[in-house]
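A.B. asks: Below you will find the structure I want to go over with you.
The values are calculated or read from the model by the stated rules, or taken from the named source; none is laboratory data. In this text the structure is predicted, and so the values were computed from the model without any measurement. Cβ: placed from backbone, ideal geometry, glycine included. Neighbour counts: every protein chain shown.
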């Protein structure tokens with residue numbers, strides 16, 4: 001059994017830590033934004049921001065699982081001239097976006113929260129990704 005390259009192992013650990021940071025920063029960013037909206041006496045906006053960030057967190061988890069499946073498929077097919085991606089991966093990507101769109105529609109129609117609050121809540125994932133990246137850059141310079 002060949003041993004793994006120490007530099008690749010270190011990079012893999014850093015990547016895993018960054019993914020964990022994104023996973024917990026996403027709901028934190030959403031809850032902070034929802035708290036601010038609630039403090040400004042905007043309960044519908046607070047609900048929309050909280051639900052949007054929850055959907056963003058779910059999207060991240062599903063996206064991570066899809067990326068992990070692609071990595072596993074590529075490792076299993078190492079050395080092949082034209083590796084194949086399982087159709088289930090494509091189906092799950094389409095299903096992920098379909099479920100998010102359906103969730104946004106149901107929340108908007110039945111809970112009557114502003115659509116902009118849901119979209120901004122979904123942006124919590126982007127904010128968490130930026131924060132985790134800055135955190136990684138700042139901690140690597142030490």
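A.B. asks: Could you tell me which of the residues 89, 113 is touching a residue at least 40 places away in the same chain (Cβ under 8 Å) and surrounded by 14 or more Cβ atoms within 10 Å (Cβ to Cβ)?
C.D. replies: Of the residues listed, the single one that is touching a residue at least 40 places away in the same chain (Cβ under 8 Å) and surrounded by 14 or more Cβ atoms within 10 Å (Cβ to Cβ) is 113.
A.B. asks: Report whether or not residue 65 is surrounded by 12 or more Cβ atoms within 10 Å (Cβ to Cβ) and either without any contact (Cβ under 8 Å) to a residue 40 or more places away in the chain or under 24 Å from residue 22 (Cα atoms) (or both).
C.D. replies: yes
Condition check ((1) part of a helix (DSSP H, G or I); (2) modelled with pLDDT of 85 or more; (3) closer than 28 Å to residue 54 by Cβ) across all residues:
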| residue | (1), (2), (3) |
| --- | --- |
| 69 | yes, no, yes |
| 85 | no, no, no |
| 107 | yes, yes, yes |
| 117 | yes, yes, yes |
| 136 | yes, yes, yes |
